[in-house]
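**Q** Structure provided below as structure tokens; questions to follow.
Each reported figure results from applying straightforward, stated rules to the coordinates on display, with no laboratory input. Keep in mind it's a predicted model, so treat the numbers as computed, not measured. Because the Cβ atoms are built from the backbone with ideal geometry, glycine has one as well, and the counts that use them run over all protein chains shown.
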Amino acid sequence: MDADTTTELRALLQDQPIAALGTLHEVRGTIEPFVSMVPVAWGPDGQPLIHVSGLAPHTRDLQAHPQVSLMFTAPLAPAANPQALARVTLQARAVVIARDDADWPAARAVYQGRFPRSEQTFALGDFLLVRLQPQSARFVAGFGRAFGLTAAALAALLKDLPAPQAGV
């Protein structure tokens, strides 16, 4: 990827606070895909953080099968070609951050910095803070402009992603 494409990817991930989370969902002895919406904050290490209810199917899914996908899309402008819409899908491993883990206070601060209204859900006992460890990514920067990224390349690209404005 060239510098302009890298800047475009970083901007998409920084500016888009919401992503589609894909999990593996067990139903009657079979595994099916399940997609839900999650707010996402970025840790200083470039790893996404989500805060999810233990009552939600996607949370039970990622605890049983930690392989997940996270998809971000740019907003669709009027009259734009939806097939040219910039988007990135991360393949990741979900790791629950325990409340007594040394990383938990910093991860909580980062998440609440992006989503100040999340303070109320942090007070609830069923919500879990989850770090998504990217394994690879696929960035589509527009029609005919697709790029694969390894975990190492993605980490280097995201490690110093500036914190977005709070207030979401």
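**Q** Does any residue in the stretch 30-42 that is touching a residue at least 24 places away in the same chain (Cβ under 8 Å) come within less than 9 Å, Cβ to Cβ, of a residue that is of a type in the set (Asp, Glu) and surrounded by 17 or more Cβ atoms within 10 Å (Cβ to Cβ) six or more places away or on a different chain, and which pairs are these?
**A** PHE34/ASP61
**Q** To continue, here is another question. If the Cβ limit is 9 Å and pairs must be 6+ apart or interchain, which residue in the stretch 1-29 that is part of a helix (DSSP H, G or I) pairs with which residue that is among the β-branched types (Val, Ile, Thr)?
**A** That search, which allows pairs on different chains as well, returns LEU9/VAL88; LEU12/THR73; LEU12/VAL88; LEU13/VAL40; LEU13/VAL88.
**Q** Filter the stretch 125-144 down to residues that are in contact with a Ser or Thr (Cβ under 7 Å, 6 or more places away or on another chain) and farther than 15 Å from GLN91 by Cβ and give me whichever is surrounded by the fewest Cβ atoms within 10 Å (Cβ to Cβ).
**A** Taking the stretch 125-144 first, the residues in contact with a Ser or Thr (Cβ under 7 Å, 6 or more places away or on another chain) are 126-128, 136-138, 141.
Narrowing the set further to residues that are farther than 15 Å from GLN91 by Cβ leaves 126-128, 141.
On the way: ASP126: 11, PHE127: 18, LEU128: 19, ALA141: 21.
Filtering the stretch 125-144 for residues that are in contact with a Ser or Thr (Cβ under 7 Å, 6 or more places away or on another chain) and farther than 15 Å from GLN91 by Cβ, the one surrounded by the fewest Cβ atoms within 10 Å (Cβ to Cβ) comes out as ASP126.
**Q** Further, regarding this structure: Taking the stretch 81-96, which residues are within 13 Å of the chain's Cα centre (by Cα) and either surrounded by fewer than 14 Cβ atoms within 10 Å (Cβ to Cβ) or basic (Lys, Arg) (or both)? So that I can check it myself, show each step before the final result.
**A** Taking the stretch 81-96 first, the residues within 13 Å of the chain's Cα centre (by Cα) are 87-95.
Hits for the stretch 81-96 are ARG87, ARG93.
**Q** Out of (1) touching a Phe, Trp or Tyr at 6+ places or on another chain (Cβ under 8 Å); (2) more than 19 Å from ASP45 (Cβ to Cβ), what's the single condition that is false for ILE97?
**A** (2)
**Q** Name the residue, out of PRO78, PRO105, that is in a loop (DSSP other than H, G, I, E, B) and exposed (fewer than 14 other Cβ atoms within 10 Å of the Cβ). Step through it out loud before you land on a result.
**A** Details: PRO105 fails: in a loop (DSSP other than H, G, I, E, B).
Every option except PRO78 fails the conditions.
**Q** Oh, and also: Among the residues of the stretch 107-136, what is the count of those that are closer than 17 Å to PRO44 by Cα and without any contact (Cβ under 8 Å) to a residue 24 or more places away in the chain?
**A** Looking only at that region, the number is 3.
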